[in-house]
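Colleague: A single structure is presented below for examination.
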Amino acid sequence: MKKVLFATTNPAKVKKFKKYLEENGVELITLKDINIKLNIEENGKDAIENAYIKAKAYYDVTQIPTIGMDNNLFVEKLPQEKQPGTYVRRINGKELNDDEMIEYYTNLVKKYGGKLSAKWVYGMVIFKKDNIAKYLWNKDNFYFIDKPCAKINPGYPLDSISIIPEFNKYLVELSPKEKEYLAKRENINNIIEFILKNI
């Protein structure tokens with residue numbers, strides 16, 4: 001079985017890809033599995049640059065083909081200086097935990113009218129000895145509201161304030177079938193193909 005390292009400590013990111021990769025004969029190893037945590041400065045200007053920084057740093061240490069992933073967030077109506085961009089968790093120099101993120105973004109949405117359309121831009125880089133591959137996609141079929149759901153998706157706390165219009169439900173409350181529908185629309189198969197092709 002092929003092995004690939006996912007350079008993340010985010011359980012939601014791991015969960016999203018693990019099943020699909022295992023079905024294709026790939027073992028997804030996490031930073032928790034190898035017990036290595038580097039102090040990496042993610043100072044790239046966008047999701048791809050930050051994904052590259054993470055993938056290269058962990059490949060250099062482990063020599064295992066490594067996936068780096070990052071996401072940027074853009075929210076309608078927010079002025080440029082308030083846009084999270086690459087700093088979704090880092091607000092005013094502080095790294096927010098899941099509860100703090102929900103509180104910060106709920107207050108932000110409240111301030112700008114109680115409902116804001118948003119867009120995630122995802123970047124993924126696979127780094128190995130003889131190849132560096134990059135993939136970019138986005139997700140914009142949702143909006144934030146100022147009343148959080150009681151349920152939290154560890155690692156992806158903003159799922160608790162994200163409403164999916166087709167189902168009129170919080171993202172965190174979608175059924176497995178509804179999540180499968182969203183994964184297909186997000187072209188998860190294309191992302192899995194990209195990983196399989198480049199590891």
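Colleague: Only residues that are in contact with a strand residue (DSSP E or B) (Cβ under 8 Å, 6 or more places away or on another chain) and among the basic types (Lys, Arg): list them for region 139-181, please.
Modeller: LYS139, LYS151, LYS169
Colleague: I'm told LEU38 meets every condition in (1) under 18 Å from TRP137 (Cα atoms); (2) surrounded by fewer than 17 Cβ atoms within 10 Å (Cβ to Cβ); (3) hydrophobic (A, V, I, L, M, F, W, C) except one. Can you identify the failing condition by its number?
Modeller: Of everything listed in (1) under 18 Å from TRP137 (Cα atoms); (2) surrounded by fewer than 17 Cβ atoms within 10 Å (Cβ to Cβ); (3) hydrophobic (A, V, I, L, M, F, W, C), LEU38 misses just condition (1).
Colleague: Shifting gears a bit: Given the conditions (1) small (Gly, Ala, Ser); (2) farther than 17 Å from MET69 by Cβ; (3) touching a Lys or Arg at 6+ places or on another chain (Cβ under 9 Å); (4) outside any strand (DSSP E or B), which single one is not true for ALA183?
Modeller: (2)
Colleague: Still on this structure, please answer the following. Only residues that are among the hydrophobic types (A, V, I, L, M, F, W, C), under 14 Å from THR106 (Cα atoms) and not in a strand (DSSP E or B): list them for region 157-168, please.
Modeller: LEU158, ILE161, listed by residue number.
Colleague: Output the qualifying pairs, or none if there are none: Cβ atoms under 8 angstrom, residues six or more apart or on different chains, first residue in region 93-112 and under 16 Å from ASN153 (Cβ atoms), second residue surrounded by 14 or more Cβ atoms within 10 Å (Cβ to Cβ) and of a type in the set (Gly, Ala, Ser).
Modeller: Hits for this filter: ASP98/GLY155; ILE102/SER160.
Colleague: Residues being in contact (Cβ under 8 Å) with a residue 60 or more places away in the chain and either among the charged types (D, E, K, R) or in contact with a His (Cβ under 7 Å, 6 or more places away or on another chain) (or both): count how many of those fall in region 55-92.
Modeller: So the count comes out to 1.
Colleague: Tell me, yes or no, whether region 55-66 has at least one residue that is within 30 Å of LEU108 (Cα to Cα) and not basic (Lys, Arg).
Modeller: No, region 55-66 has no match at all.
Colleague: Okay, next question. Would you pick out the residues in region 66-82 that are at pLDDT 95 or above, farther than 16 Å from VAL14 by Cβ and not hydrophobic (A, V, I, L, M, F, W, C)?
Modeller: ASN72, the sole residue that qualifies.
Colleague: For a quick check of your reading of the model, give me the residue pairs whose first member lies in region 144-156 and is without any contact (Cβ under 8 Å) to a residue 40 or more places away in the chain and in a loop (DSSP other than H, G, I, E, B), whose second is surrounded by fewer than 17 Cβ atoms within 10 Å (Cβ to Cβ) and charged (D, E, K, R), with beta-carbon atoms closer than 7 Å and at least 6 apart or on different chains.
Modeller: Matching pairs, first to second residue: CYS149/GLU173; LYS151/GLU173.
Colleague: Only one of ILE126, ILE102, ILE48 is out of contact with any Pro (no Cβ under 9 Å at 6 or more places or on another chain) and either more than 27 Å from ALA150 (Cα to Cα) or at pLDDT 95 or above (or both); which?
Modeller: Working: ILE126 fails: out of contact with any Pro (no Cβ under 9 Å at 6 or more places or on another chain); ILE102 fails: out of contact with any Pro (no Cβ under 9 Å at 6 or more places or on another chain).
Going through ILE126, ILE102, ILE48 in turn, the sole match is ILE48.
Colleague: Is it the case that some residue within region 97-106 is touching a Leu at 6+ places or on another chain (Cβ under 8 Å) and outside any helix (DSSP H, G or I)? Before you say what the answer is, go through the steps one by one.
Modeller: First, the residues of region 97-106 that are touching a Leu at 6+ places or on another chain (Cβ under 8 Å): 101-102, 104-105.
From what is left, the residues that are outside any helix (DSSP H, G or I) are none.
No, region 97-106 contains no residue that is touching a Leu at 6+ places or on another chain (Cβ under 8 Å) and outside any helix (DSSP H, G or I).
Colleague: Considering each of ASN72, ASN92, ASN43 in turn, give the residue that is surrounded by 21 or more Cβ atoms within 10 Å (Cβ to Cβ) and under 30 Å from LYS111 (Cα atoms).
Modeller: Working: ASN92 fails: surrounded by 21 or more Cβ atoms within 10 Å (Cβ to Cβ); ASN43 fails: surrounded by 21 or more Cβ atoms within 10 Å (Cβ to Cβ).
Going through ASN72, ASN92, ASN43 in turn, just one is surrounded by 21 or more Cβ atoms within 10 Å (Cβ to Cβ) and under 30 Å from LYS111 (Cα atoms): ASN72.
Colleague: Might you let me know whether region 154-161 holds any residue that is of a type in the set (S, T, N, Q) and either on the phi < 0 side of the Ramachandran plot or within 15 Å of the chain's Cα centre (by Cα) (or both)?
Modeller: Yes, region 154-161 contains at least one residue that is of a type in the set (S, T, N, Q) and either on the phi < 0 side of the Ramachandran plot or within 15 Å of the chain's Cα centre (by Cα) (or both).
Colleague: Check LEU171, LEU116 and return the single one that is under 15 Å from the mean Cα position of the chain (by Cα), modelled with pLDDT of 95 or more and aliphatic (A, V, I, L, M).
Modeller: LEU171
The values are calculated or read from the model by the stated rules, or taken from the named source; none is laboratory data. This one's a predicted model, so the numbers in the text were calculated from it and none came from an experiment. Here Cβ is always computed from backbone atoms with ideal geometry, including for glycine, and neighbour counts include all displayed protein chains.
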